[in-house]
Each structure stands twice: as C-alpha cells, then as structure tokens.
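The values are calculated or read from the model by the stated rules, or taken from the named source; none is laboratory data. Note that the structure is predicted; figures quoted are calculated from it, not measured. With ideal geometry, Cβ positions are generated from the backbone for all residues, glycine too; neighbour counts draw on all protein chains shown.
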C-alpha cells in the first residue's frame, strides 16, 4: 500500500509540492500582514509574521490533502492564519484580510509566468525538449491561477465567502463556518467540480483564459502538467 502511495510521486511532483508550500506561506503571510495593519496585533504575538510553521492547520494542511489524495486529486497542502476579527478596525479591513491571500497568489503566478513568457525570452518554446525548471514553473503557474479562481468562490471556508461574510448576518456566518459544516460544504463542492463536466469545464475555461492573458503558451503549460502529474 505504501509503495502504491509513493508511486504517485516523482521528483518533479515533489518539487512542485515544495514550491507550493512556499507559495502557501507567502499567501498566509499576506493575510497576517494585512491583519496586523488592520488592527489585529495577535498575529504578531502568535508568530505569524516570523514563523511559517505556525501556519500549519490540522484540517487544511493534513486532513483535506489526504482526502483529496484518496479521491484521486492532487494533495496540495493548505494553511491558516487565525485572525481576531473583533480587533480589526472595520468590516472593510476584514474583507481586505481575506482578499490579501488571493491577491498575493495573483502577484506570485504573474511573476512566475514572466519567467516562462515568450515575450521575456528566457525559454525557447520551439525547442524539442525544455528544461525541467520550465515544467516546475509552468505547473505552479497553472495551480496558482486555478487556486485563485477556487478561493474566490463564495462558499465557506474559501476566501470569496470570507470577503463577503462581514456584511452577512452573524448567526448565519457562525453556523456556516462551523468546521463540520464548512468541511462538508467544501468536500461536496469539490465532488461536484470533479464529477460534473459542465462545472469543471467552466472553471477550466476561466483558468486557461487567465493564463493566456499573461501571454503564456497553453501548450507549454499543458505539457508541464503532463510531465508533473502524468
């Protein structure tokens, strides 16, 4: 069983997972930084501005990746910064804290995209064989764009929901954000995403349009994904 589990991974996928962990740390640091500016000093006391390991969350970093792997998905780890929203100066700041992570992701995948953009010229896309680092960057660009689109969906516990939550009835938000409720909603959402072609196709279309807006070659990104995940 362990051998079957390990067979799913190759050196490139492991490199992608390491790169993803770094991007997640940057994402969570953005949440913590904006929360600190917005009035929540607890993020500094908890070490969110100095110790990335403090972002590890039992559900998003361990349980959900294991569930996704069991369902045949990509076990990308997540993380969480616990923000004291009562300390924030306003509802607008609460929304900004939620948006800070996805905005950080946008900056990240745009910067990575520049490294493999034909306009920059670091990569000869007509070459018969591209360097492995191009597959690594291409995969991270795709995953970064994909996760930004997912994260902006208005369902708990994703950031799209957290952005509008300060303006919703508190009791309804409290109920939807209970771990057993939000995790159930999230798992059902992903099952629909994987099992309903129309939904999956609509999401993929948005992702690929964003990638092409960066001027990237979709064939290069597709090949990077094949090299990484088979």
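Brief remarks on what is shown
- Hits in region 171-218 (condition: more than 18 Å from the chain's Cα centre (by Cα) and crowded, with 16+ Cβ neighbours inside 10 Å): 173, 176, 214, 216, 217
- Residue, farthest from residue 125 (Cα to Cα), within region 201-214, restricted to residues that are modelled with pLDDT of 90 or more and in contact with a helix residue (DSSP H, G or I) (Cβ under 8 Å, 6 or more places away or on another chain): 203
- Contact map, region 94-116: residues that are at negative phi and surrounded by fewer than 18 Cβ atoms within 10 Å (Cβ to Cβ) paired with residues that are in a loop (DSSP other than H, G, I, E, B) and modelled with pLDDT under 95, Cβ distance under 7 Å, separation 6+ or inter-chain. Pairs shown: 110/214; 114/120; 115/122.
- Selection of first residues in region 13-33 that are without any contact (Cβ under 8 Å) to a residue 60 or more places away in the chain and of second residues that are crowded, with 16+ Cβ neighbours inside 10 Å and part of a helix (DSSP H, G or I), restricted to Cβ pairs under 8 Å at least 6 apart or on distinct chains, gives the following pairs, ordered by first then second residue: 24/55; 25/52; 25/55; 32/43.
- Some residue of region 173-195 being free of Cβ contacts under 8 Å to residues at least 60 places away in the same chain and under 30 Å from residue 124 (Cβ atoms): no
- When region 113-157 is filtered for residues that are in contact with a helix residue (DSSP H, G or I) (Cβ under 8 Å, 6 or more places away or on another chain), over 15 Å from residue 214 (Cβ atoms) and not in a helix (DSSP H, G or I), the ones remaining, listed by number, are 130, 152, 153, 154, 155, 156, 157.
- Any hit, region 66-80, residues being touching a helix residue (DSSP H, G or I) at 6+ places or on another chain (Cβ under 6 Å), part of a helix (DSSP H, G or I) and modelled with pLDDT of 80 or more: no
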